[in-house]
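Chemist: Could you have a look at this structure, given as structure tokens, before my questions?
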Amino acid sequence: MTSALYARVSTQRQENEETIETQIMAVRDYAAKNGHTLIKTYKDEGWSGMILARPNLDELRLDARKKLWEAVIIYDPDRLARKYAYQQLVIDELEEEGIKVLFVTTPPAKTEEDKLLYGVKGIFAEYERARIVDRFRLGKLRKARDGHVLLTEAPYGYDYIPKQGQKNGYLKINKKEEQVIKMIFQWIGNDSYTLRGVVKKLQELGIPPRKSKRGVWNTSTLGTMLRNETYIGNARYNRSIAIVPEKPLKIVKYKKIKKTSRKLKLQSEWINIPNMPQIIDKKLFEKTRLQLKSNFEHSKRNRKNEYLLSGVIYCFCGRKRTGEGPQHGKHLYYRCTDRVYRFPNPAVCLERGINARIADQLVWDGIKRFMCSSTLIKKQVDRLVSKTDQMKERAQGSSESLIEALKEIKKEEQRYIRIYGAELISLEQFEDVIKDLKTKRASLEKQISHFDNAILKDDIILPSHDTIDRFINGVKNAFENLAFDSKQRIIRRCINKIIANQEEMTVYGYLSLEKEVEFCASSRNSRSS
């Protein structure tokens with residue numbers, strides 16, 4: 001009798017341990033003993049038994065209609081499916097085509113009692129899977145409550161140290177990656193970089209991600225990383241649950257994992273993991289999150305009309321004001337969003353809209369007055385002197401830690417040279433290792449050069465009062481020809497919040513005239529729109 005063979009394993013671990021080959025061997029022995037000739041093999045590797053849409057199972061079902069063989073042999077019913085209803089569906093379909101379905105571990109049903117027994121076994125297979133899943137879940141919760149770190153892979157910046165004896169698994173800071181993490185948070189939190197700007201900067205410094213086919217950082221990877229509270233010591237387990245996405249980004253026929261989306265659980269169900277090493281200061285972490293939110297809100301893709309103060313202007317009721325342009329932009333206003341949030345109920349805030357063009361001009365004129373003040377700039381120059389030594393010390397510390405890491409790489413290179421000289425490894429192995437070490441060394445040397453340049457840049461030659469006065473005259477001329485985007489970048493850099501109605505505007509912010517030096521101020525302009 002001509003027959004086909006079907007085998008399935010559900011996990012990567014089972015694939016690596018070659019349990020599917022064990023199934024195939026058992027099926028071939030069964031076929032040889034019972035006079036079957038195997039003419040085709042169907043294998044689904046890494047597919048859950050709770051999913052019926054599997055590529056090779058579908059191929060088997062289509063071939064059954066073509067009558068390519070007379071029987072199909074499977075090691076056990078739960079290899080066909082873990083759900084009894086799915087098992088019976090496929091078996092009935094194949095038998096209607098005149099194909100016999102045979103199992104190595106279960107003899108064919110001859111009587112109604114045999115069919116009943118077979119059905120009970122299928123239900124127990126489904127029950128067994130549910131129990132296994134539940135035992136794994138409870139075991140992981142118990143380990144997490146005992147302080148065990150449960151991860152498939154450590155976050156960037158850490159190394160995972162597995163359980164050793166009675167000591168639970170834990171995270172250890174990776175010194176090389178720690179410096180990269182700190183730079184990324186500094187760039188966004190303090191220097192207002194966008195995610196794309198960070199990607200470009202990392203590429204310039206030759207810092208590759210931990211895993212990437214292209215060797216380039218992805219903005220989504222950075223976004224997830226910058227929101228990970230593990231970096232401030234707040235690691236949590238059981239925060240979310242896997243669900244089937246309601247609106248998947250890609251519609252594909254075959255999906256090994258159906259639950260590809262995540263849904264946050266109630267905060268009361270989260271489990272805190274103690275003694276987590278901290279890399280980033282909490283203040284910088286929160287500042288970075290706010291900057292990411294601001295970058296999203298101020299994206300050019302969200303703009304229809306030109307509103308200079310969008311994203312920073314608020315109503316007296318506490319809600320944001322957003323731009324609105326009746327008559328296709330003929331009239332532009334900043335209106336309170338209370339009416340939007342309370343729709344369809346009536347708005348509580350009764351403040352009226354503010355003429356956007358007048359408000360923009362008043363604030364911009366105020367900014368120009370501040371930025372063209374020679375008195376303020378001279379004051380900041382004096383304050384800069386006290387900051388220079390501190391900035392040098394930080395850059396020097398980062399450079400020294402990278403130099404130590406570079407020394408370790410060079411030592412490792414020498415060790416492998418000696419090992420190769422002793423003929424303990426092959427030339428191919430030696431070349432692979434040395435190539436990887438050279439890449440790491442080049443990356444570290446580039447980072448060290450970056451910090452050394454930063455130290456040199458801190459040797460500032462302070463301008464004289466005459467130089468400052470000439471500079472102010474140049475700034476005044478430059479202000480006259482600025483484009484809208486340039487003005488908006490200045491506004492968002494200097495202003496934190498504007499609270500306004502038709503009678504008055506209160507502006508809160510600071511003018512940063514040099515990195516790490518800030519002038520804090522508030523100003524009021526009053527005028528009816």
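Chemist: Can you find even one residue in region 102-111 that is assigned to a loop (DSSP other than H, G, I, E, B), of a type in the set (A, V, I, L, M, F, W, C), free of Cβ contacts under 8 Å to residues at least 12 places away in the same chain and not assigned by TED's automatic domain parsing to the domain that holds Asn234?
Modeler: First, the residues of region 102-111 that are assigned to a loop (DSSP other than H, G, I, E, B): 104-111.
Still in the list and also of a type in the set (A, V, I, L, M, F, W, C): 104, 109.
Retained after the next criterion (residues that are free of Cβ contacts under 8 Å to residues at least 12 places away in the same chain): 109.
Next, from what is left, pick out any that are not assigned by TED's automatic domain parsing to the domain that holds Asn234: 109.
Taking every residue of region 102-111 in turn, at least one turns out to be assigned to a loop (DSSP other than H, G, I, E, B), of a type in the set (A, V, I, L, M, F, W, C), free of Cβ contacts under 8 Å to residues at least 12 places away in the same chain and not assigned by TED's automatic domain parsing to the domain that holds Asn234.
Chemist: Return the residue satisfying two criteria in turn: it lies in region 1-12 and is over 18 Å from Ile51 (Cβ atoms) and surrounded by fewer than 21 Cβ atoms within 10 Å (Cβ to Cβ), and of such residues it is modelled with the highest pLDDT.
Modeler: First pass over region 1-12, keeping only residues over 18 Å from Ile51 (Cβ atoms): 1-5.
Right, trim to surrounded by fewer than 21 Cβ atoms within 10 Å (Cβ to Cβ) and you get 1-2.
Working: Met1: 88, Thr2: 92.
This residue is Thr2.
Chemist: While we're on this one: If you go through region 276-287 one residue at a time, do you hit one that is modelled with pLDDT under 80, of a type outside the set (Val, Ile, Thr) and not in a helix (DSSP H, G or I)?
Modeler: Narrowing region 276-287 to residues modelled with pLDDT under 80: none.
No, every residue in region 276-287 fails to be modelled with pLDDT under 80, of a type outside the set (Val, Ile, Thr) and not in a helix (DSSP H, G or I).
Chemist: Return the total of residues in region 127-179 being in a helix (DSSP H, G or I), at pLDDT 75 or above and not hydroxyl-bearing (Ser, Thr, Tyr).
Modeler: Just the residues of region 127-179 that are in a helix (DSSP H, G or I), to begin with: 127-145, 175-179.
Remaining after also requiring at pLDDT 75 or above: 127-128, 130-145, 175-179.
In the following step, the residues that additionally are not hydroxyl-bearing (Ser, Thr, Tyr) were identified as 128, 130-145, 175-179.
Residues flagged as in a helix (DSSP H, G or I), at pLDDT 75 or above and not hydroxyl-bearing (Ser, Thr, Tyr) within region 127-179 amount to 22.
Chemist: If you go through region 162-217, how many residues are without any contact (Cβ under 8 Å) to a residue 60 or more places away in the chain, in contact with an Asp or Glu (Cβ under 9 Å, 6 or more places away or on another chain) and surrounded by 15 or more Cβ atoms within 10 Å (Cβ to Cβ)?
Modeler: Residues flagged as without any contact (Cβ under 8 Å) to a residue 60 or more places away in the chain, in contact with an Asp or Glu (Cβ under 9 Å, 6 or more places away or on another chain) and surrounded by 15 or more Cβ atoms within 10 Å (Cβ to Cβ) within region 162-217 amount to 3.
Chemist: Looking only at region 121-141, which residues are among the charged types (D, E, K, R) and more than 21 Å from Asp76 (Cβ to Cβ)?
Modeler: Here is the first cut: in region 121-141, the ones among the charged types (D, E, K, R) are 121, 126, 128-129, 131, 134-135, 137, 140.
Matches in region 121-141: Asp134, Arg137, Lys140.
Chemist: Let me spell it out: the conditions are (1) over 21 Å from Gln186 (Cβ atoms); (2) assigned to a strand (DSSP E or B); (3) at pLDDT 80 or above, and Arg441 meets all of them except one. Which number is the exception?
Modeler: (2)
Chemist: Could you please find all residues in region 327-364 being touching a residue at least 60 places away in the same chain (Cβ under 8 Å) and within 24 Å of Asp485 (Cβ to Cβ)?
Modeler: Within region 327-364, Tyr334, Ile354, Asn355, Ile358, Ala359, Leu362, Val363, Trp364 qualify.
Chemist: Check every one of the helices (runs of 4 or more DSSP H) wholly within region 296-385 and list those with 2 or more residues that are at pLDDT below 75 and in the same structural domain as Ile499 (by TED's automatic domain parsing). Quick ask: steps written out before the conclusion?
Modeler: Working: elements: 326-329, 338-342, 356-371.
Ranges flagged: 326-329.
Chemist: Looking at Lys121, is it of a type outside the set (Phe, Trp, Tyr), touching a residue at least 40 places away in the same chain (Cβ under 8 Å), assigned to a helix (DSSP H, G or I) and under 30 Å from Met225 (Cα atoms)? Before you say what the answer is, go through the steps one by one.
Modeler: Details: of a type outside the set (Phe, Trp, Tyr): yes; touching a residue at least 40 places away in the same chain (Cβ under 8 Å): yes; assigned to a helix (DSSP H, G or I): yes; under 30 Å from Met225 (Cα atoms): no.
For Lys121, the condition - of a type outside the set (Phe, Trp, Tyr), touching a residue at least 40 places away in the same chain (Cβ under 8 Å), assigned to a helix (DSSP H, G or I) and under 30 Å from Met225 (Cα atoms) - is not met.
The values are calculated or read from the model by the stated rules, or taken from the named source; none is laboratory data. Since the structure is predicted, the reported quantities are computational estimates derived from the model, not experimental observations. Glycine also receives a Cβ, built like all others from the backbone with ideal geometry; neighbour counts cover every protein chain displayed.
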